[in-house]
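Below you'll find the structure, written out as structure tokens, and then a few comments.
The numbers here are math on the coordinates, done by the rules we state, and not lab data. Please read all numbers here as calculations on a predicted model, not as lab measurements. When we count neighbours, we look across all protein chains shown, and the Cβ atoms used for this are built from the backbone with ideal geometry, even at glycine.
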Ligand SMILES: Cc1cc2nc3c(=O)[nH]c(=O)nc-3n(C[C@H](O)[C@H](O)[C@H](O)COP(=O)(O)OP(=O)(O)OC[C@H]3O[C@@H](n4cnc5c(N)ncnc54)[C@H](O)[C@@H]3O)c2cc1C
């Protein structure tokens, strides 16, 4: 199918985008990589009145480390998140998660701002953002505000952006002394995951001092597995504990049941991924 009629504006400055958002509000749909929006328009599930294209807007594509945070401009492509030396050096789990998105052609277009804004519960990057307790920066003519992931990602395909706001960057705190990893199971390489886990662990003297575990693809938004983290605190991550943590995760998570996988299978995947990721993180520390 072809999309319905719409007005197209190829913005060339941030001010132009913000002025249009301020004047037209809900009538504007922002176009970033187009990898979710264009298929939705072709199916007429999205029918924008005015499409404001962000691809020629300067200043939205940098990657840098500022004040202990990795700041990634909204228009940075998933392919760059996966390969940029600043990302691979400071947050390899994020780079790995980005490499799971679709195929090279899709990663070359997909932007981090579009991916997080789209709030697909099966997307890898919102889960990684949740694991790092990251945030997004929203800009409008009224000013700028930082919103934590928990407030920004509301539920399936829903975020808390106001109609006149633009996501300008996504920020991940770098956590010294912590090791993070991301892994997932998908039906085929490049497919959305049936379940994925982003795990972070802080170990000193062989004992777990901190843990953060987030599941993706199991609910309407990333799920923080607090029960697993609490169970792990103060313990040594030996084989028996890791096995037990997988069991705790399986019991803690309530997982969707749909055409792709049953709830029971997703719960089993969560437990298995926890075992796999934590086992690998312990090996890396040796
Ligand atoms: C075959 C295929 C496989 C895929 N596999 C995966 C996968 O495995 N994992 C995964 O996570 N994704 C996957 N995707 C989706 C892809 O990553 C999308 O591109 C992504 O979800 C949206 O990013 P985008 O830059 O393309 O945004 P767009 O499609 O341009 O926009 C998506 C939404 O975000 C809004 N938006 C965009 N930028 C901003 C901004 N700066 N501020 C505010 N709102 C904004 C848009 O208005 C729109 O509502 C796949 C897509 C395809 C076609």
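Numbers for the structure displayed
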read-out: Surface/4 estimate of mean projected area, convex hull on alpha-carbon atoms of region 135-265, nm²; value: 9.9 nm²
read-out: Ranked list, fewest to most other Cβ atoms within 10 Å of each Cβ, for 41, 1; value: 1, 41
read-out: 133, 49 arranged by Cβ crowding within 10 Å, fewest neighbours leading; value: 49, 133
read-out: Fraction of the pair-distance distribution of region 1-133 above 17 Å, Cα-Cα pairs, percent; value: 61 percent
read-out: Cα-based shape type of the chain, given that a ≥ b ≥ c are square roots of the gyration tensor eigenvalues and the cut on a/c is 1.5; value: prolate
read-out: Projected label distance in nm at residue 163 and residue 141, using a 7 Å step from Cα toward the beta-carbon; value: 1.4 nm
read-out: Packing-based exposure ordering (other Cβ within 10 Å, fewest first) of 265, 182; value: 265, 182
read-out: Förster radius 22 Å - calculated FRET efficiency between residue 56 and residue 22 (Cβ-Cβ, nearest 0.05); value: 0.70
read-out: Cα shape, region 154-226, gyration tensor, a/c 1.5 rule; value: oblate
read-out: Simple spin-label estimate for residue 257 and residue 235 in nanometres, 7 Å along Cα-Cβ; value: 2.9 nm
read-out: Residues listed by number, region 192-225, amide nitrogen under 13 Å from residue 286 label point at 7 Å toward C-beta; value: none
read-out: Gaussian network model of the chain, springs between alpha carbon atoms under 10 Å - residue of 202, 35, 105 with greatest fluctuation; value: 105
